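Here the structure comes first, spelled out in structure tokens, and everything after it is commentary.
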Amino acid sequence: MPMSRSQFKWSRGKLTEGFSSMAQHLGMKPDEVVFIHSLVVNPKGRSWRLKYFSSDSLTSSYVGCMSGPSSTVMHFPMSKSQQQYWDKYFKNGGQLIPVQRKGNTLSYPDTSLIEALLDNCISTREFELLAGKVIANSFVTDEVEELAKKVGGRTLMSCEEFLHFCGKDYLHKVADQIGIAVPPGIVVQGHTTSSTIIDFFRQKLENDGIDPAHTKVWIKPSSLSGGRGIIRPNGSTESLSEGLLQLAKVFHQAGFYTEAVKEESQLSIDDPFEGMLKFMPIILEADVAELPCVRRKVDDVAVNAVSGQNGVVHVETTPFHAENGIYTGSRLPTPEDDTLVEVAEVSVDRLLNWMWGEGYRGYVGVDTVVVEKTNGQLVAYVTDLNTRLCGATPLIVMAHRFEARLGYRPCVFSETFRLRIPEDTIDPFDVVEKSLGNLLYRGSESGYAGIAPIIVHIHPDTDFIQFRAIAIGRDELHLNILALALESLEKYE
């Protein structure tokens, strides 16, 4: 008999006070924890497989809207205009502590917040803020453990414990034990040739009654974050070979090959993973929307929660959208989504309580694809496990905060946009602010509605600014007006 919401093992909570609420869900007081949202990892350390393909600099504005009373958050400095914007309209008590890059002995190209703190030998103020505290970080790496030891603090769990949970292969390991649906597929655990991988995968699909030659599939690296390396070829042998080669090129860009493989051109389509320093598990899965038993895909849905000392606290379920496997935005569910949300939550409740029992502690977002089967039944396939703060986290915090202050649940969504960089650009936030004009969220000045640019950054070697916007509407009609206004911006294509 299917489980219903009344049988959920988790409790439910809000993120009204941002990181302060998160600390409480972890089972701690806000002043016992320091949040350091660092995503860059040492490619030569144990956490090499968490490569994010991004910079910690862009997370500064990301965490800016999530400050809360008595919370302490460390981040790289924001631009002047962006700092002024957050301080005026979003700062919610607590401490936002900018960390300066002072060290000149960087061990890897993109400086992480953790590495900067270690290289700086920690200033007196930083040491006092960290001394004896729990360091809550999206990735529990070797360096996080080193920092915690240096200041007499601790981490939410050990690096080894964290790495047990953080790969997509984890879902395939536990799916049968806990009774959740994952897409039909295989996990490649070690180096082998493309033909061996493809034969194994095609045989798996055939055994499941799926025609591999006419099925869309996904090729995914186990642990690369930010949607990198996710490839969607069709099921033909040639297409799969090309897809595996594309993934090998992403691994090469991440620095996962030996010195003997200096150029991408050295990668072979027959054996593209030859020469890797360490092998990252690879997942090949059928696209669930293409399965013979599926009538249609309904939506992508993420379930967000905090796994703390006293159990799992569900904070929000958010339908989301992605392009070619890369997350672009989320929205709050509407009453019409109730059945969709319940189907996703039933599967994820099982998964998160299993993870809690195995020792996972921290924020987590679980992605599902909800489909309607040919018999009319709705089923959620669990497709990804994000053991960190997620793209929807700021949206959830802002929605919960406004709901508490305004007395009604606001209508919100987030989306990612690109704008061309004017030649005289000094501060990209100024460009976004000017482009949004009267649409910009300005607290009471804009009636607690408008568009808030959450992440604003310039990609290296590109001529565009990328920003993630959260649109806050007074009602559905106003939200639709904001959406149309966003679409009308002169965007970079």
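What follows draws every value from the coordinates through simple rules; no lab data is involved. In this text, all values refer to a predicted model and were calculated from it rather than measured experimentally. So basically every Cβ, Gly included, is an ideal-geometry build from the backbone, and we count neighbours across all protein chains shown.
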Cα-centre dipole for region 410-493 with unit charges at Cβ (Lys and Arg positive, Asp and Glu negative), debye to 20: 280
Positive minus negative residues near residue 143 (Lys, Arg vs Asp, Glu; Cβ under 11 Å): -2
Which of 249, 29 has the fewest Cβ neighbours within 10 Å, and the rest in rising order: 29, 249
Stretch gain in nm, segment residue 95-residue 442, where the contour uses 0.36 nm per residue and the Cα spacing is subtracted: 122.8 nm
Quarter of the Cα convex hull surface for region 27-155, i.e. its orientation-mean projected area (nm²): 7.8
Ranked by how many other beta carbons lie within 10 Å on average, peptides 390-399, 340-349, 127-136 from highest: 390-399, 340-349, 127-136
Ratio of Rg to Rh over the chain (Cα coordinates, Kirkwood Rh, two decimals): 0.95
FRET efficiency for residue 265 and residue 425, using Cβ-Cβ distance with R0 set to 45 Å, rounded to 0.05: 0.80
Contour excess over end-to-end distance, with Cα ends at residue 124 and residue 485 and 0.36 nm allotted per residue: 125.2 nm
Footprinting exposure proxy for 445, 285 (fewest neighbouring C-beta atoms within 10 Å first): 445, 285
Separation between Cα centres of region 314-391 and region 141-158, rounded to whole Å: 30
Percent RCO, i.e. relative contact order, over the chain, from Cα pairs under 8 Å lying at least 6 residues apart: 15
Along principal axes, Cα extents of region 410-493, largest first, whole Å: 40, 24, 17
Within-11-Å neighbourhood charge of residue 321 [Cβ basis; K, R +1; D, E -1]: -3
Span per principal axis, largest first, for the Cα atoms of region 184-286 (Å): 43, 27, 19
Estimated 222 nm signal from helices in the chain, with DSSP H stretches of n ≥ 4 weighted -39500 (n - 2.57), rounded to 500: -9000 deg cm²/dmol
Under 5 Å, built H, 5+ apart or other chain: amide partners of residue 75: 97, 99
Positive-end residue of 62, 98, 42, charge dipole of region 25-102 with Cβ unit charges: 42
Radius 14 Å from Cβ of residue 366, net charge of other residues (Lys, Arg +1; Asp, Glu -1): -3
Selection from 448, 82, 473 lying farthest towards where the dipole of the chain points positive, charges on Cβ: 448
Where the Cα pairs of region 293-350 fall when distances are cut into 10 Å bins, in %: 20, 47, 28, 5, 0
Region 27-155, relative contact order in percent, only Cα pairs under 8 angstrom and at least six apart counted: 29
Rg [Å, one decimal], Dmax [Å, integer] - region 117-221, C-alpha atoms: 21.3, 64
Given charges at beta-carbon only (K, R positive; D, E negative), |dipole| of the chain in Debye: 1260
Segment residue 374-residue 192, extension gain: residue separation times 0.36 nm, minus the distance between their alpha carbons: 61.8 nm
Check: region 184-286 dipole with +1 on Lys, Arg Cβ and -1 on Asp, Glu Cβ, in debye: 400
Placed amide H near residue 215: partners under 5 Å, 5+ positions off or other chain: 235
Burial ordering of 321, 191, 172, 37, fewest other beta-carbon atoms within 10 Å first: 191, 321, 172, 37
